[in-house]
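Worksheet: the structure to be examined is printed underneath.
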Amino acid sequence: MEEKNLHLRVKYLQPNMEPLCYVAGKSDWIDLRIAQTVSMKAGEFRLLPLGVAIALPRGYEAHIVPRSSTFKNFGIIQTNHMGVVDESYCGDGDQWYMPAYALRDTVIEAGSRICQFRIMRHQPSLIFEAVDSLGWPDRGGIGSTGTK
């Protein structure tokens, strides 16, 4: 049976931060905002503070990815492409960050929405079985279905 609502305890680490919320009717991902104004030069790496510490429920993890407009608006990419925060990262000082690399000079104003997250259940325990054959035909390799 799936839970309908999970309660997350959130500590806002900067005054006057926008509360976390859904973008009504658009997605079940939650936008995260940068906590302070940051200037970056092309080629610079920074951990961008998101201004929140969150206690996730036991058995869950958060997946953090850039918003679709982040590169267009700010010229940054998330260096690990997807961040994972597990439920043990839950202390008052365990601020969430977005590791970012600037491809152009940029200024990101405090409160700008730069990434988003959702929480997921941990995967079940896996048992790996070595076999001589998987029992299915090969599909033809990477890119075998063509481009159109």
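The values are calculated or read from the model by the stated rules, or taken from the named source; none is laboratory data. All of these numbers come straight from a predicted model, not from anything done at the bench. Cβ sites come from the backbone with ideal geometry, for glycine too, and all protein chains shown count toward neighbours. Just the protein is used for accessible areas: all its heavy atoms, side chains included, with ligands, DNA and RNA removed. Shrake-Rupley method; radii C 1.70, N 1.55, O 1.52, S 1.80 Å.
In this calculation the C-beta distance from residue 125 to residue 29 is compared with R0 = 35 Å, giving a FRET efficiency of 0.80.
List the GluC sites (Glu not before Pro) in segment 50-148 that DSSP assigns to loop (not H, G, I, E or B) and whose Cβ has at most 10 other Cβ atoms within 10 Å. Which are they? Here the sparse-neighbourhood loop sites are 129.
Heavy-atom accessible surface of residue 54, to the nearest 10 Å², is about 0 Å², with a 1.4 Å probe and all protein chains retained. Within straight cross-link reach of residue 41, meaning Cα distance under 29 Å, which lysines are found once same-chain residues fewer than 8 apart are removed? Cα-Cα hits under 29 Å: 72.
Spin-label pair residue 77-residue 10: with each label point 7 Å from Cα along the Cα-Cβ axis, the two points sit 2.9 nm from one another. Protein-only accessible surface at a 1.4 angstrom probe places the residues 79, 145 in the order 145, 79, largest first. Scalar couplings 3J(HN,Hα) for segment 96-108, obtained by applying the Karplus form with A = 6.51, B = -1.76, C = 1.60 to θ = phi - 60°, are 7, 9, 10, x, 10, 10, 8, 9, 8, 4, 8, 10, 10 Hz; x denotes Gly and Pro. Take the Cα of residue 22, step 7 Å toward its Cβ, do the same at residue 94, and the gap between the two points is 2.6 nm.
Computed from label points 7 Å out along Cα-Cβ, the spacing between residue 39 and residue 145 is 4.7 nm.
Each Lys and Arg Cβ is given +1 and each Asp and Glu Cβ -1; about its Cα centre, segment 55-131 then shows a dipole of about 380 debye. Volume of the convex hull of segment 105-148 (Cα atoms only), normalised per residue: 281 Å³. The accessible-area ordering, largest first, of the residues 13, 134 stands as 134, 13, per a 1.4 angstrom probe.
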